[in-house]
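Undergrad: A single structure is presented below for examination.
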Amino acid sequence: MVKGKSASADLFARFRRAWDHLVPEPVQGVTAAFSGGSDSTALLALLADLGRERGFRVAAAHLDHGLRPESADDLLFAKKTAESLGLEFVGETADVGASARRTGRSIEEEARRIRYAFLARIREKTGYPLTATGHTAD
């Protein structure tokens, strides 16, 4: 469970209540879309704690879109973070730029399409029916 400051405990309690409202039935596992940014890192840590508490598995799924030279470092960071939390990790690399040029779609549209297909493959592979994503408003 999240330990430390009361703010962390309060966040975990709020997360648990939201989870219970959104996912009223027990689950075997959940896939977390994990970019490595602050929002998905917080989500992954909360899911890891809740999974240990409730007895479900969490798989961290990271897609390297191949759009930045340092994106391979992001993939490695995501893998190490998932492993440090004791979670399964699935990572893939895609050439979104080349795919967007080939299809005529925008980079954003093609990245979203490839990401959703990646997450669907992970759901199929793991058998976990839920995929969680974390996004901040800003």
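The values are calculated or read from the model by the stated rules, or taken from the named source; none is laboratory data. All values reported here derive from a predicted model rather than from experimental measurement. Cβ: placed from backbone, ideal geometry, glycine included. Neighbour counts: every protein chain shown. Accessible surface areas use protein heavy atoms only, side chains included; no ligands, DNA or RNA. Shrake-Rupley method; radii C 1.70, N 1.55, O 1.52, S 1.80 Å.
Undergrad: Apply the Karplus parameterisation 6.51 cos²θ - 1.76 cosθ + 1.60, with θ equal to phi minus 60°, to every residue of region 96-113 and state each ³J(HN,Hα) to the nearest whole Hz, in sequence, with x for glycine and proline.
TA: Computed from phi, the couplings for region 96-113 are 5, x, 5, 5, 5, 5, 5, 8, x, 7, 5, 4, 4, 5, 5, 4, 4, 4 Hz.
Undergrad: Also: Taking amide H atoms as placed 1.01 Å from N in the peptide plane, list the residues 5 or more away in sequence, or in a different chain, whose amide H sits under 5 Å from that of residue 31.
TA: Placed amide hydrogens put 59, 130, 131, 132 under 5 Å from residue 31.
Undergrad: Points 7 angstrom from Cα along the Cβ direction at residue 17 and residue 42: gap in nanometres?
TA: 1.6
Undergrad: Each residue of region 81-95 in turn: what ³J(HN,Hα) in whole Hz from Karplus with 6.51, -1.76, 1.60 and θ = phi - 60°, glycine and Pro shown as x?
TA: Rounded to whole hertz, the list is 5, 4, 4, 5, 8, x, 10, 5, 9, 10, x, 9, 10, 10, 9.
Undergrad: Using only the Cα atoms of region 24-84, build the gyration tensor, take square roots of its eigenvalues as a ≥ b ≥ c, and label the shape rounded, prolate or oblate: rounded if a/c is under 1.5, else prolate if a/b is larger than b/c, else oblate.
TA: prolate
Undergrad: Using the Karplus curve 6.51 cos²θ - 1.76 cosθ + 1.60 with θ = phi - 60°, work out ³J(HN,Hα) for each residue of region 47-52 in order, rounded to whole Hz, and write x for Gly and Pro.
TA: Per residue, the Karplus-derived 3J(HN,Hα) values read 5, 4, 5, 5, x, 5 Hz.
Undergrad: Which order do 84, 8 take by accessible area at a 1.4 Å probe, largest first?
TA: The most accessible residue leads, giving 84, 8.
Undergrad: Further, regarding this structure: Round to the nearest 0.05 the FRET efficiency obtained for residue 54 and residue 121 when R0 = 22 Å and r is the Cβ-Cβ distance.
TA: Numbers: r = 25 Å, r/R0 = 1.14.
Efficiency, from the Cβ-Cβ distance: 0.30.
Undergrad: While we're on this one: When the helices in the chain are scored as -39500 (n - 2.57) per DSSP H run of 4 or longer and the sum is shared across all residues, what 222 nm value do you end up with, to the nearest 500 deg cm²/dmol?
TA: Helices in the chain give a 222 nm mean residue ellipticity of -18000 deg cm²/dmol.
Undergrad: Take peptides 65-76, 111-122 and line them up by average Cβ neighbours within 10 Å, highest first, as a rough protection proxy. Present the calculation step by step, with values, prior to reporting the outcome.
TA: On the way: 65-76: 14.0, 111-122: 16.2.
Going from most to least packed, we get 111-122, 65-76.
Undergrad: Could you tell me which of rounded, prolate or oblate describes region 70-138, using a ≥ b ≥ c as the square roots of the eigenvalues of the alpha-carbon gyration tensor, with rounded for a/c under 1.5 and, failing that, prolate when a/b is larger than b/c and oblate otherwise?
TA: Since a/c reaches 1.5 and a/b is larger than b/c, the shape of region 70-138 is classed as prolate.
Undergrad: Could you give the nm distance between label points at residue 113 and residue 101, where each point is 7 Å from its Cα heading toward the beta carbon?
TA: 1.6
Undergrad: How many nm separate the modelled label positions at residue 133 and residue 76, each set 7 Å beyond the Cα in the direction of the Cβ?
TA: 2.8
Undergrad: Take peptides 54-60, 126-132, 98-104 and line them up by average Cβ neighbours within 10 Å, highest first, as a rough protection proxy.
TA: Values: 54-60: 18.9, 126-132: 16.4, 98-104: 12.6.
Ranking, from highest mean packing down: 54-60, 126-132, 98-104.
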